[in-house]
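The values are calculated or read from the model by the stated rules, or taken from the named source; none is laboratory data. No experiment lies behind these values; they were computed from the predicted model shown. Note that each Cβ is placed from the backbone with ideal geometry, even for glycine, and that neighbours are counted across all protein chains shown.
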Amino acid sequence: MSQVKLIVSNWKMNLNISQARILTNKLKKIKIKKNLIKNIICPQFILLPIISNIIKDSDILLGAQDCHYRKFGAYTGDTSIELIKEIGCKYIIIGHSERREYKGETNDIIREKAELVISEKLKPIICIGETLEERKKNKYKKILEEQLNICIPNNLDEIIIAYEPIWSIGTGLVPTVDEIKEIKNFTCDFVSQSKKISKIFFLYGGSVNSENIFEIFKLSDVNGALIGGSSLKFEEINKILTFG
Ligand code: PGA
């Protein structure tokens with residue numbers, strides 16, 4: 001498996017135009033070891049054309065935070081994959097727990113989105129994760145298996161999966177390295193056997209910061225991180241992107 005780590009900044013519904021410009025221009029100046037890091041940023045939809053223009057002569061890659069599961073049509077307020085692609089996105093976060101919770105996205109919808117993204121030759125970053133209650137009741141593997149089973153299409157060459165325990169997002173609580181490793185092994189075993197996908201990029205997300213990322217990377221052997229809060233602070237993301 002590749003040694004390159006995917007650092008995915010999920011800006012969520014944050015940053016105005018001028019803040020996003022300033023942060024992106026600073027990110028452009030960071031010297032990244034290209035054989036070690038892929039720097040992917042996922043701004044709000046309205047920021048995408050602006051950021052796309054700023055990064056066009058850099059190694060920064062662009063991602064969207066969601067897309068609709070249909071190619072086009074009467075879906076007021078939604079954004080089509082065609083535009084996301086045209087504006088230069090290479091990645092799309094699919095099934096983030098905030099969309100599952102606030103927009104009622106089900107595993108079936110997430111699979112439809114994943115299939116559309118793949119058919120359009122973009123890369124979905126499919127999010128999975130359990131609640132604290134599901135973990136405490138020891139139901140977490142069942143929940144994760146169901147998410148993986150329904151959300152991930154079969155027979156792909158490769159897939160990016162982001163494990164984000166819901167209890168860890170924005171809370172400062174982070175699973176132990178052994179817990180992350182357990183889910184990585186569980187996910188890779190399940191996806192390679194049931195879905196016949198051999199190349200799996202397993203990302204961890206949830207309260208990642210410049211202090212805990214190195215241990216997570218060193219000890220759990222994940223292929224990258226999906227980063228919310230810390231991706232908005234230049235000092236933090238700078239340290240994360242220049243590790244190693
Ligand atoms: P966080 O968010 O890093 O702020 O916990 C991660 C995410 O929701 O992708």
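Filter the range 145-179 down to the residues that are more than 16 Å from the chain's Cα centre (by Cα) and of a type in the set (A, V, I, L, M, F, W, C), then identify the one that is surrounded by the fewest Cβ atoms within 10 Å (Cβ to Cβ). Reasoning before the result, please.
Looking only at the range 145-179, we keep the residues that are more than 16 Å from the chain's Cα centre (by Cα), and these are 145-146, 149-150, 153-157, 167, 171-179.
Pick out the ones that are also of a type in the set (A, V, I, L, M, F, W, C) and you get 150, 156, 167, 173-174, 177.
Values: 150: 14, 156: 18, 167: 19, 173: 12, 174: 20, 177: 18.
Here the residue is 173.
Hey, can you tell me all the residues within the range 132-151 that are within 21 Å of residue 173 (Cβ to Cβ) and part of a helix (DSSP H, G or I)? Give the steps one after another, and end with the answer.
Going through the range 132-151, the residues within 21 Å of residue 173 (Cβ to Cβ) turn out to be 132-141, 143-144, 147.
Correct list: 132, 133, 134, 135, 136, 140, 141, 143, 144, 147.
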Q: For the range 192-215, name all the residues that are buried (at least 20 other Cβ atoms within 10 Å of the Cβ), of a type outside the set (Gly, Ala, Ser) and in contact with a Phe, Trp or Tyr (Cβ under 9 Å, 6 or more places away or on another chain).
A: 202, 203, 204, 213
Q: For the range 141-160, indicate whether the set of residues that are out of contact with any Ser or Thr (no Cβ under 7 Å at 6 or more places or on another chain), within 16 Å of residue 226 (Cα to Cα) and within 15 Å of the ligand (Cβ to nearest atom) is non-empty.
A: yes
(Q) Given the condition within 16 Å of the ligand (Cβ to nearest atom) and touching a residue at least 60 places away in the same chain (Cβ under 8 Å), answer yes or no: does some residue in the range 168-181 qualify? (A) yes
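To keep it simple, each residue is scored yes or no on (1) buried (at least 16 other Cβ atoms within 10 Å of the Cβ); (2) within 16 Å of the ligand (Cβ to nearest atom).
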residue	(1), (2)
23	yes, yes
36	no, no
63	yes, yes
68	yes, no
99	yes, yes
Q. Considering 9, 52, which residue is of a type in the set (Gly, Ala, Ser), surrounded by 15 or more Cβ atoms within 10 Å (Cβ to Cβ), in contact with a Leu (Cβ under 9 Å, 6 or more places away or on another chain) and over 19 Å from residue 228 (Cα atoms)?
A. 52
Q: Any chance you could count how many residues in the range 110-126 are hydrophobic (A, V, I, L, M, F, W, C), out of contact with any Lys or Arg (no Cβ under 9 Å at 6 or more places or on another chain), surrounded by 19 or more Cβ atoms within 10 Å (Cβ to Cβ) and assigned to a helix (DSSP H, G or I)?
A: 1
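Rundown of residues vs (1) at pLDDT below 95; (2) within 15 Å of the ligand (Cβ to nearest atom); (3) β-branched (Val, Ile, Thr), yes/no style:
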residue: 187; (1), (2), (3): no, no, yes
residue: 200; (1), (2), (3): no, no, yes
residue: 208; (1), (2), (3): no, yes, yes
residue: 226; (1), (2), (3): no, yes, no
residue: 232; (1), (2), (3): no, yes, no
Q | Answer from 81, 92 - the residue that is surrounded by 12 or more Cβ atoms within 10 Å (Cβ to Cβ), within 16 Å of the ligand (Cβ to nearest atom), under 15 Å from residue 119 (Cα atoms) and of a type in the set (Val, Ile, Thr) | A | 92
